[in-house]
Amino acid sequence: MSNTLPLTELFASSKGATYQCDTTNRIIIQFGDARVSLRISDFLTFKKRVDSVDIHTMIFNTDDAYDVEVIDAPRTDHLFVLSLCDLIALRDLLAGTRFVLDLNTLLNERIYSSLVY
């Protein structure tokens, strides 16, 4: 992905960051070595997929099948292969991003509704 588009950082953590591109109306997720660009609706779908993973089962199940979780990003060919720690870090990144998006929406609604009489 080209870095020539103007990107606004939404949220960052020690494992990654998310950016908003106003030109393409996309959220860019930079997590580890992965970088994916998602529409807002696809971002929300991806967040639901990540949030739906049962962390409790991953922690307490000793079977090797529960050591990693594979989650695909919607409308991309990218698969995230996540360990338990990576999954928790990605959840944190996506939750922080969602909070910033919700806060921005709330502020815009309040500011613009007060300007309209």
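The values are calculated or read from the model by the stated rules, or taken from the named source; none is laboratory data. Treat the numbers as computed from the prediction; the structure is a model and nothing was measured. Methodologically, a virtual Cβ is constructed for each residue, glycine included, from the backbone with ideal geometry; neighbour enumeration extends over all protein chains shown.
If I filter segment 60-68 for residues that are within 19 Å of SER41 (Cβ to Cβ) and modelled with pLDDT of 90 or more, do I get at least one hit? No: zero hits.
Do the conditions hold for LEU82, that is, is it at pLDDT 95 or above, assigned to a helix (DSSP H, G or I) and either aliphatic (A, V, I, L, M) or closer than 17 Å to TYR19 by Cβ (or both)? Break it down stepwise before answering.
Working: at pLDDT 95 or above: yes; assigned to a helix (DSSP H, G or I): no; either aliphatic (A, V, I, L, M) or closer than 17 Å to TYR19 by Cβ (or both): yes.
Answer is no for this residue.
Residue under question is ARG35, and the condition is that it be out of contact with any His (no Cβ under 7 Å at 6 or more places or on another chain), assigned to a loop (DSSP other than H, G, I, E, B) and of a type in the set (D, E, K, R); does it hold? Working first, answer last.
Details: out of contact with any His (no Cβ under 7 Å at 6 or more places or on another chain): yes; assigned to a loop (DSSP other than H, G, I, E, B): no; of a type in the set (D, E, K, R): yes.
Answer is no for this residue.
For first residues located in segment 38-50 and within 15 Å of HIS78 (Cβ to Cβ), partners that are among the charged types (D, E, K, R) and surrounded by fewer than 15 Cβ atoms within 10 Å (Cβ to Cβ) and lie 6+ apart or on another chain with Cβ distances below 6 Å form the pairs ASP42/ARG75. Residue count for segment 85-117 satisfying the condition of being among the aromatic types (Phe, Trp, Tyr) and either surrounded by 10 or more Cβ atoms within 10 Å (Cβ to Cβ) or closer than 16 Å to TYR19 by Cα (or both): 1.
Taken over segment 64-117, the residue count meeting the criterion of being hydroxyl-bearing (Ser, Thr, Tyr) and touching a residue at least 60 places away in the same chain (Cβ under 8 Å) is 1.
Select from segment 89-112 the residues that are aliphatic (A, V, I, L, M) and out of contact with any helix residue (DSSP H, G or I) (no Cβ under 7 Å at 6 or more places or on another chain) and list them in ascending order. Please lay out each step first, then the result.
Let us first name the residues in segment 89-112 that are aliphatic (A, V, I, L, M), namely 89-90, 93-95, 100-101, 103, 106-107, 111.
Correct list: ALA89, LEU93, ALA95, VAL100, LEU101, LEU103, LEU106, LEU107, ILE111.
If the condition is being surrounded by 11 or more Cβ atoms within 10 Å (Cβ to Cβ), of a type outside the set (A, V, I, L, M) and within 14 Å of the chain's Cα centre (by Cα), then segment 49-75 contributes ARG49, ASP51, ASP72, PRO74.
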